[in-house]
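Student: Structure provided below as structure tokens; questions to follow.
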């Protein structure tokens, strides 16, 4: 077996492409799926921005998906999926509608809020979504300040100068005999990111030039009696978990649900009214597997991908990364 690269593309057939605008501090990331990929979703938090998520739930007709789009730009960024649809249609990839007379690419999409950094008037659009598809490859996923992670911030409650730079992170694990579970996450959370010991590694800073953190739980304690909690922007963690296991649509949705535990392990607090936390799950393969094990390890790779995003991020505009 090919050695693991510890990113989402360890799942055979998965391709990942980024489109990045550093000047505007925005971008998008596409995950192109092999034929027959079963999709699911779990959305938490009070500020989601999504497209084509209802069809992923059980009791709906379409089971397979062709790609997933993750984008900056808030609701404007949903337009990036239009470019991906054009790209996949041109390559003959999509749901065969009305007896095969038409191809309709199925591309569930989630967005995050990055308008508070860079140029808010520049958002991912159809052209950027198409560019991301053209860049899609099975190579190890580029991480950090790239694609949908370009404008990500962590703990932006007091503005960019006190926030920590977020970004894209990806991780994978081989459960034996080639059974892979992997994740790709864009980290733009309200809450702090925690290490395995529960220590803050990224979040709301205590000073402009220091590396000490206030602790978001301490910050929001002061708002406990406020009916309207003050915030600069909405945030979110969005991403994808994938496996080459053989799972049903119901099981894939369960994996997405269990994968959300990875956010709760590594982000505190998670799933607030200002987050739109959305995890897509993909099952691409034919390896028989226990859905409980796949879901449990999906949470593990999500947590590790979130931490990797923090360490891979580089400073951009007035948001400082932990390594800078």
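The values are calculated or read from the model by the stated rules, or taken from the named source; none is laboratory data. Quick caveat, the model's predicted, so the values are computed rather than measured. Quick reminder, even Gly has a Cβ in these numbers, built from the backbone with ideal geometry, and neighbours come from all protein chains shown.
Student: All but one of (1) over 27 Å from residue 303 (Cβ atoms); (2) crowded, with 18+ Cβ neighbours inside 10 Å; (3) modelled with pLDDT of 95 or more hold for residue 63, so report the exception by its number.
Tutor: Single failed check for residue 63: (3).
Student: Hey, can you tell me all the residues within segment 255-274 that are buried (at least 21 other Cβ atoms within 10 Å of the Cβ) and part of a helix (DSSP H, G or I)?
Tutor: 255, 256, 258, 259, 260, 262, 263, 266
Student: Here is a follow-up. Would you please name the residue that is farthest from the chain's Cα centre (by Cα), looking only at residues in segment 164-188 that are over 17 Å from residue 282 (Cα atoms) and at pLDDT below 95?
Tutor: Selected residue: 177.
Student: Among the residues of segment 163-182, are any in a loop (DSSP other than H, G, I, E, B) and under 24 Å from residue 43 (Cα atoms)?
Tutor: Yes: one or more hits.
Student: Can you report the number of residues in segment 133-146 which are closer than 12 Å to residue 21 by Cβ and touching a helix residue (DSSP H, G or I) at 6+ places or on another chain (Cβ under 7 Å)?
Tutor: 0
Student: Confirm whether residue 223 is part of a loop (DSSP other than H, G, I, E, B), free of Cβ contacts under 8 Å to residues at least 12 places away in the same chain and closer than 27 Å to residue 197 by Cα.
Tutor: Spelling it out, residue 223 is indeed part of a loop (DSSP other than H, G, I, E, B), free of Cβ contacts under 8 Å to residues at least 12 places away in the same chain and closer than 27 Å to residue 197 by Cα.
Student: Then there's this: Given the conditions (1) surrounded by fewer than 20 Cβ atoms within 10 Å (Cβ to Cβ); (2) out of contact with any helix residue (DSSP H, G or I) (no Cβ under 7 Å at 6 or more places or on another chain); (3) in contact (Cβ under 8 Å) with a residue 60 or more places away in the chain, which single one is not true for residue 92?
Tutor: Of everything listed in (1) surrounded by fewer than 20 Cβ atoms within 10 Å (Cβ to Cβ); (2) out of contact with any helix residue (DSSP H, G or I) (no Cβ under 7 Å at 6 or more places or on another chain); (3) in contact (Cβ under 8 Å) with a residue 60 or more places away in the chain, residue 92 misses just condition (3).
Student: So which of 239, 151 ends up being assigned to a loop (DSSP other than H, G, I, E, B), at pLDDT 95 or above and within 18 Å of the chain's Cα centre (by Cα)?
Tutor: Every option except 151 fails the conditions.
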